[in-house]
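Take a look at the structure set out below.
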Amino acid sequence: MYEYKLIRSKRKSISLEISKNLDIIVRSPYGFPKSEIDRFVTSKNDWITKNLEKMKTRTEKYPSQVSEDEVKSLIEKAKKILPDKVAYYSKLMNLYPTALKITSAKTRFGSCSGKDSICFSYLLMRYPDEAIDYVVVHELAHIKHKNHSKAFYALIEKYLPDYKEREKLLK
């Protein structure tokens, strides 16, 4: 069995996650027996092993530390590539953002504000073109649907039928 960090709180179910620094975290309701938690973690050994490997590979491929020169290069690339991609997909989808910004966000590749302003992290530029297109279409779809409903994903699928494969490139 893997070692894990236990976080107890007011919740009804038990959950398991692997943090970015590869810690295994179990969230459990107060009063849930430790023996049951251990049994739960043991039953998830295959899942833990598989996902630890995935995350290690991703960390090696896309290290979280980025040199100053790489940051400048990625920002330059984002400023060059993203406006054209946004313009192309905006015209195709008939959805136009009020603004386009490049950010240094570390935990998300893109966001769309309530006022339809779109932001993209420069870190998105480390990923393949197909993944970048997916994030652009995803954020533009938020102009029409401010949620992740079936209609939201149907809109994405209309323009990128293979969006699920593209999304996997980001994980």
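List the relative contact order of the range 1-147 as a percent without decimals, with contacts defined as Cα pairs under 8 Å and 6+ residues apart.
Details: 168 pairs, mean separation 23.7, N = 147.
Once divided by the residue count of the range 1-147, the mean separation gives 16 percent.
For the range 41-52, just list the computed ³J(HN,Hα) in residue order, Karplus coefficients 6.51, -1.76 and 1.60, θ = phi - 60°, integers in Hz, with x standing in for Gly and Pro. Working through the residues one at a time gives 4, 4, 5, 9, 3, 4, 4, 4, 4, 4, 6, 4 Hz. Accessible surface of the chain, 1.4 Å probe: 52 percent of it comes from carbon and sulfur atoms.
Tally the DSSP beta bridges in the chain and give the antiparallel ones as a percent, rounded to 5. Don't jump to the answer; show the numbers that get you there.
Details: 7 of 17 bridges.
Close to 40 percent.
Coordinate range of the alpha-carbon atoms in the range 119-171 per principal axis, descending: 29, 23, 16 Å.
Looking at the range 1-79, what % of the alpha carbon pairs are farther apart than 14 Å? Walk me through the numbers before you get to the answer.
Working: 2097 of 3081 pairs.
Cα-Cα pairs of the range 1-79 separated by over 14 Å account for 68 percent.
The smallest convex shape that holds all Cα atoms of the chain, its convex hull, gives 144 Å³ per residue.
For the range 77-136, with every protein chain kept in place, what is the accessible area per residue (1.4 Å probe, Å²)? Walk me through the numbers before you get to the answer.
On the way: 3130 Å² over 60 residues.
Per-residue accessible area for the range 77-136 comes out at 52 Å².
Do any of Lys115/Lys158; Lys10/Lys168; Lys34/Lys171; Lys5/Lys150; Lys20/Lys164 go past 27 Å between their Cα atoms, and which? Check vs 27 Å cut-off fails for Lys10/Lys168; Lys34/Lys171; Lys5/Lys150.
Helix 150-159: angle to the longest alpha-carbon principal axis of the chain, degrees 0 to 90, nearest 10? The answer is roughly 50 degrees. Largest accessible area first, the residues Ile24, Ile102 order themselves as Ile102, Ile24 under a 1.4 Å probe with ligands, DNA and RNA left out.
The values are calculated or read from the model by the stated rules, or taken from the named source; none is laboratory data. Note that the structure is predicted; figures quoted are calculated from it, not measured. For accessibility, only protein heavy atoms count, side chains too; no ligands or nucleic acids. Shrake-Rupley method; radii C 1.70, N 1.55, O 1.52, S 1.80 Å.
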